[in-house]
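The block underneath contains the structure these notes are about, expressed in structure tokens.
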2 protein chains.
Amino acid sequence: MIKKTTQEDSKIHNSRLILKTIYDHHSISRVGISRLTGLTRTTVSENVNQFIKESLVIETGTSPSSGGKPAILLRVVDDARHLIGIDLASSEFRGAVVDLRGNILHRIHWPVQDRDGDLALALVYKLIEQLLSLADRPILGIGIGAPGLMDPYQGAALNAVNLDWHALPLGDMLREQFKLPIYIANDSQLAALAEYTFTTQKNITNLILINLSQGVGAGIVLGGKLFYGDNFGAGEIGHVRVMDGGERCRCGNHGCLETLISSRALVKRARDIARQYPQTILNQLSLSPDAIDPEIIFQACEAGDAAVLAMVDEVGRYLGSAIAYLVSALNVNQIVIGGSLARFGDRLIQAVKRQVDQGTLPALARETHIIASDLGEDMVILGAASLLLGQEMGVV
Amino acid sequence: MIKKTTQEDSKIHNSRLILKTIYDHHSISRVGISRLTGLTRTTVSENVNQFIKESLVIETGTSPSSGGKPAILLRVVDDARHLIGIDLASSEFRGAVVDLRGNILHRIHWPVQDRDGDLALALVYKLIEQLLSLADRPILGIGIGAPGLMDPYQGAALNAVNLDWHALPLGDMLREQFKLPIYIANDSQLAALAEYTFTTQKNITNLILINLSQGVGAGIVLGGKLFYGDNFGAGEIGHVRVMDGGERCRCGNHGCLETLISSRALVKRARDIARQYPQTILNQLSLSPDAIDPEIIFQACEAGDAAVLAMVDEVGRYLGSAIAYLVSALNVNQIVIGGSLARFGDRLIQAVKRQVDQGTLPALARETHIIASDLGEDMVILGAASLLLGQEMGVV
């Protein structure tokens, strides 16, 4: 049901609108804010004074005079608050202390293996404690990205196979422990939010990020907001069947996209290549086929090993087919490939593009931009920071 | 940029909110409206009086007394306005006069063939004139659904291959001629809107409708609104490549989904079956293989012809694979199959379901409901009516 706007709603809306206006400008005067927002100078001044009191905003000089009295300029203090961002990736837990602009101030990486659900949880507590001890500003909150189905409204891990978490009320548990705002969402969804917030041009409101790592997932931003889906599972493209009678997947089905193009799948394939073709560069770079890891595959790709290049092209074909469905269904023009395998760069992008061009209505394919993400391994952490900045402050 | 709400915006918002509240209830009192909307009784009364003056609302008796003075009840007059809905389908142009509840009052079907763009346009004018002459209430506006890329904001036909229209400012032309509000959108998108407005439960806000007819398209409702995509091409799943080296499609690519599962493709396949298997029921139902049309295929399916059933199952497999991508990407639980081929009913739905179950993350597949639409051949017309009701009156 549509609701009437209350006075309290308006106050919060106005306060956020003013802070966002300052955040979006390098420096701006009270009059400038009033002009841009249409709010009265009294409302602007009251709110700005409050922000200054909270050390969120400072006065930073005066504007060049244009006749009248020069206006005092305001800007947001980038490290007025610290944010804790966490990425519970499959192979390692990562965390960082981040400022209000997404600058990473401190970073922790912890390799994790053979964990059960309780062990994983204990590690999360420890990681947060360590990060909090590194932060030296008031903490805005903690944002967490994890693979699997995460309920961002309740802050619950509904189903995370890797972490062995099922219907875990992680948000409540962490709020209880740390007395801070806690936000939790799917890692690929957060990566899309990071791409949207920190690197995409302002005129783009729709975006799909493909997270091509140990798993394969996507995050979808529509109309400037993450689209979560009915059960928070939007973007779970890693489990679409692409090969009848294919390999069994962790999800229980067979022939899922993830079984063919995840970094796990590629390492397996590269080891097979190394065993089959003694002359492959992979064998020059690795002591034995069993020692081949993603890093060695990247090096062999850069060195131009034919079998590895063919493997990358094949990843591009499978991924391109999946992207053709996404583009056809949503007609979203900005497609960004991120995650550890985005390092295959232009070779991968070109293979994807060929497939999208052949497999999508030409009028849509023509408008589609497929690029590799620049965010690197921090993308989930930055997405968690973006979620916090949006929910707690309304500035992104 | 977020905008401040102006007083004029509020007035329009309140007026629409009040009308929608009356529309959503069979009968409701002014006090009831005030209670539900949080608006003052003065605001409610002023607006209601205006609606009564415009014959949109009437007083319809009194509520059972609960102590005090019995309250006068209000309801929307269902045929206070007439709407013109038009479906520019591939094989025929359809139009109808519709009331404010989506009841169809008059219907026109015109078979059309071998037309060029100008001829098609002349037919649209004629169809509208005929429909206007059938309506006997003030006309709210004209809504048009057509295959291809339609810009609903400008009311322009950007690219409609079947109609031979390219960058045609149809909305401007019709507004000029008929002096009425004109809305134009893609036919499958409108079908989804109709399904959402007229048949879906109120608690469902996301829905995908697959339009399986002469072409194959989808319409996607997210958060209660049609999602159009960056170039208004959202839902163009008929042109995803599903067969390498497949048949050439109207779009210029090869092996598109549409070349395999559209009614056009099925007629072709059924004729091949009839030539190959003399004993097929198709040959009992048709004078010659060349005379087989969709109707005969439906009858052969109902009679249990093995080759036709296998064909329907295959359609279900291809469609199911496409739906698996949609469900995986968007995690939308309500999937509705409409269009002329929805008549294959349960056989088709079951084949689709099997494929979705095998090709989607089990946690998402479990929540997915795949059903056949009940709207029949009126779905695009009803979608056009819904677009009008939403844009012009704010009631749906």
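Going through region B:292-311 one residue at a time, which ones are in a helix (DSSP H, G or I) and surrounded by fewer than 24 Cβ atoms within 10 Å (Cβ to Cβ)?
Within region B:292-311, B:PRO294, B:GLU295, B:ILE296, B:PHE298, B:GLN299, B:CYS301, B:GLU302, B:ALA306, B:ALA307, B:LEU309, B:ALA310, B:MET311 qualify.
Among the residues of region A:108-143, those that are assigned to a strand (DSSP E or B), surrounded by 18 or more Cβ atoms within 10 Å (Cβ to Cβ), among the aliphatic types (A, V, I, L, M) and out of contact with any Asp or Glu (no Cβ under 8 Å at 6 or more places or on another chain) comprise A:ILE139, A:ILE142. Mind checking which residues of region A:325-349 are at positive phi, buried (at least 21 other Cβ atoms within 10 Å of the Cβ) and more than 9 Å from chain B (Cβ to nearest Cβ)? Answer for region A:325-349, where residues must be at positive phi, buried (at least 21 other Cβ atoms within 10 Å of the Cβ) and more than 9 Å from chain B (Cβ to nearest Cβ): just A:GLY339. Looking only at region B:251-272, residues that are touching a residue at least 60 places away in the same chain (Cβ under 8 Å) and within 10 Å of chain A (Cβ to nearest Cβ) come to 2 in all. In region B:61-81 there is no residue that is in a helix (DSSP H, G or I) and modelled with pLDDT of 95 or more. Which one of B:VAL97, B:VAL48 is touching a residue at least 24 places away in the same chain (Cβ under 8 Å), of a type in the set (A, V, I, L, M, F, W, C) and outside any strand (DSSP E or B)? The conditions single out B:VAL48.
Residues A:ASN231, A:ASN211: which one is over 24 Å from A:GLY141 (Cβ atoms), outside any helix (DSSP H, G or I) and polar (S, T, N, Q)?
From the options A:ASN231, A:ASN211, the qualifying one is A:ASN231.
Per the listing A:VAL396, A:VAL356, A:VAL352, the residue uniquely within 15 Å of the chain's Cα centre (by Cα) and within 14 Å of chain B (Cβ to nearest Cβ) is A:VAL396.
In region A:175-206, the qualifying residues are those that are surrounded by fewer than 24 Cβ atoms within 10 Å (Cβ to Cβ) and of a type in the set (A, V, I, L, M), and the one that is nearest to A:ILE370 (Cα to Cα) is A:ILE204.
Given the options B:ILE292, B:ILE281, name the one that is farther than 20 Å from B:ILE337 by Cβ, in contact with a Lys or Arg (Cβ under 8 Å, 6 or more places away or on another chain) and more than 11 Å from chain A (Cβ to nearest Cβ).
Details: B:ILE281 fails: in contact with a Lys or Arg (Cβ under 8 Å, 6 or more places away or on another chain).
After ruling out the rest, the residue left standing is B:ILE292.
Only one of the listed residues (A:ALA160, A:ALA146, A:ALA185) is within 17 Å of the chain's Cα centre (by Cα) and within 14 Å of chain B (Cβ to nearest Cβ). That residue is A:ALA185.
Listed conditions (1) within 30 Å of A:ASP24 (Cα to Cα); (2) within 11 Å of chain A (Cβ to nearest Cβ) are all met by B:GLU8, apart from (2).
The C-beta contact set for region A:169-188 (first residue among the basic types (Lys, Arg), second residue at pLDDT 95 or above, distance under 7 angstrom, 6+ apart or interchain) comprises A:ARG175/A:ILE182. Here's a check for you: in region B:161-185, which residue that is touching a Leu at 6+ places or on another chain (Cβ under 7 Å) and part of a strand (DSSP E or B) is nearest to B:ILE237 (Cα to Cα)? The selected residue is B:ALA185.
Residues in region A:359-393 that are out of contact with any Asp or Glu (no Cβ under 9 Å at 6 or more places or on another chain), assigned to a helix (DSSP H, G or I) and not hydrophobic (A, V, I, L, M, F, W, C) were compared, and the one that is farthest from the other protein chains (Cβ to nearest Cβ) is A:GLY376.
Select from region A:233-250 the residues that are under 14 Å from A:GLY215 (Cβ atoms) and among the charged types (D, E, K, R) and write down the one among them that is farthest from the other protein chains (Cβ to nearest Cβ).
So in region A:233-250, the residues under 14 Å from A:GLY215 (Cβ atoms) come out as A:233, A:235-240, A:249-250.
Now restrict to residues that are among the charged types (D, E, K, R): A:236, A:250.
Numbers: A:GLU236: 5, A:ARG250: 10 Å.
Restricting to residues being under 14 Å from A:GLY215 (Cβ atoms) and among the charged types (D, E, K, R), the top hit is A:ARG250.
The values are calculated or read from the model by the stated rules, or taken from the named source; none is laboratory data. All of these numbers come straight from a predicted model, not from anything done at the bench. Cβ coordinates were reconstructed from backbone atoms using ideal geometry, including for glycine residues, and neighbour counts include every protein chain displayed.
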